[in-house]
Ligand SMILES: NC(=O)c1ccc[n+]([C@@H]2O[C@H](COP(=O)([O-])OP(=O)(O)OC[C@H]3O[C@@H](n4cnc5c(N)ncnc54)[C@H](O)[C@@H]3O)[C@@H](O)[C@H]2O)c1
């Protein structure tokens, strides 16, 4: 029998996951809840949850924690899109709920499965990073309109840069402290100290035009540099006098290149095998904690310990 999957929210990202799940013979999408009657098969969240084994939470940001907690409490496996929550209070509530379940709870930090970032992790296994310089920009918060509405996103950091807060932990481990400043409403610069003792810089701005690459990670280790360009390409020079090498993922489709296909496959694998999620509730929680610490640091104009 196939694993029955339901969705809460049926917009852009739901379409991405559904396209991947459609190619997986082990599952079927049987119910879709959306507050817009034109988009769902039901407008009753409980009815959708009742009909399925696993629920994807793909509604706008500020609804995630409430919907995800309800699905877990109903005994379902949950895939929760980022952000895990948009306040520390909600993040603590959901972590508490998710840690009590024996079902799978996975968070949608897809970049962990993007080719460029998997390659950074592989390359730094042999050449441990001592510093990094990172950016993640948006062109605008105008399109779709809700991206500029904090009652929907929880704030810019929860919408876009949260991807990189998780990426920093994935590459370099937990963050010990950070010191962030604002130079415009959504223009952040910060120094990040990792528990390992490594330091890194990160800037993120919401109105930079869609100048390529919007996101970039430069990672420095002893006599080596690794650089990513968006999720399209990675360049690296490992050792003095070595040639710079480049790997391009340009020809892959977005589902593979951005890691969506792999995260969906890993979710289904974990559900069917009773295994661990590829990105756990604690990872979602920590990315919210970092986002909140950045807002606090800019408000207080001081370094925040995590
Ligand atoms: N991992 C990624 O790279 C990635 C990419 C895009 C979006 N996302 C996340 O996915 C979520 C959805 O984004 P999107 O781009 O698909 O948005 P969208 O606007 O395209 O779709 C959202 C859908 O949710 C519905 N909706 C609104 N309120 C709802 C509610 N309370 N309950 C159920 N449905 C509701 C809307 O009618 C719409 O159909 C956001 O949290 C976003 O941050 C993640």
Most mobile listed residue (155, 259, 184) in the chain, GNM with C-alpha springs under 10 Å | 184
Region 65-106: C-alpha pair distances exceeding 15 Å, % | 27 percent
The equivalent-ellipsoid semi-axes of region 219-306, taken as the square roots of five times the Cα gyration tensor eigenvalues and listed largest first in whole Å, are 29, 27, 13
Compute the long axis of helix 162-172 from its Cα atoms, compare it with the longest principal axis of the Cα atoms of the chain, and write down the angle in degrees, 0 to 90, nearest 10.
-> 60 degrees
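Taking 0.36 nm per intervening residue step and subtracting the Cα-Cα distance, what contour gain separates residue 101 from residue 242 on full extension?
My answer for the length gained is 45.8 nm.
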Order of 298, 101, 244 under a 10 Å beta carbon neighbour criterion, fewest first = 244, 101, 298
Based on a Kirkwood Rh over C-alpha pairs, give the Stokes-Einstein translational diffusion coefficient of region 14-173 at 37 °C and viscosity 0.692 mPa s in µm²/s.
-> 188 µm²/s
Cα centroids of region 102-128 and region 258-275: how far apart, whole angstrom?
-> 13 Å
Whole-number value, in Å³ per residue, for the convex hull of the alpha carbons of the chain is 136 Å³
Taking only the alpha-carbon positions of region 208-263 as identical scatterers, the Debye log10 I(q)/I(0) at q = 0.28 Å⁻¹ comes out as -1.08
Whole-angstrom gap from region 276-305 to region 163-205, using each part's C-alpha centre | 10 Å
Given the options 61, 20, 143, state which has the largest fluctuation in a GNM of the chain using a 10 Å cut-off (strictly under) for Cα springs.
-> 143
Between region 1-64 and region 219-239, the alpha-carbon center distance in angstrom | 38 Å
Nearest-ten-degree value, helix 281-300 long axis tilted from longest Cα axis of the chain | 60 degrees
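Provide the gained length on full extension for the span residue 233 to residue 19, in nm with one decimal, where the gain is 0.36 nm per separating residue minus the Cα-Cα distance.
Extra length from residue 233 to residue 19 when fully extended: 74.6 nm.
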Highest-MSF residue in the chain out of 95, 141, 240 [GNM, Cα springs under 10 Å] | 240
The chain: angle of helix 64-73 to the longest principal axis, Cα-based, in degrees nearest 10 = 50 degrees
Here the FRET efficiency for residue 216 versus residue 142, based on Cβ atoms and R0 = 22 Å and rounded to 0.05, is 0.45
For 170, 212, 156, 84, what's the fewest-to-most ordering of other Cβ within 10 Å of each Cβ?
-> 212, 170, 156, 84
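Every number in this text was worked out from the coordinates using simple rules, so none of it is lab data. Everything numeric here is computed off the predicted structure, so don't read it as measured data. Every residue, glycine as well, gets a Cβ built from its backbone with ideal geometry; the counts of neighbours run over all protein chains shown.
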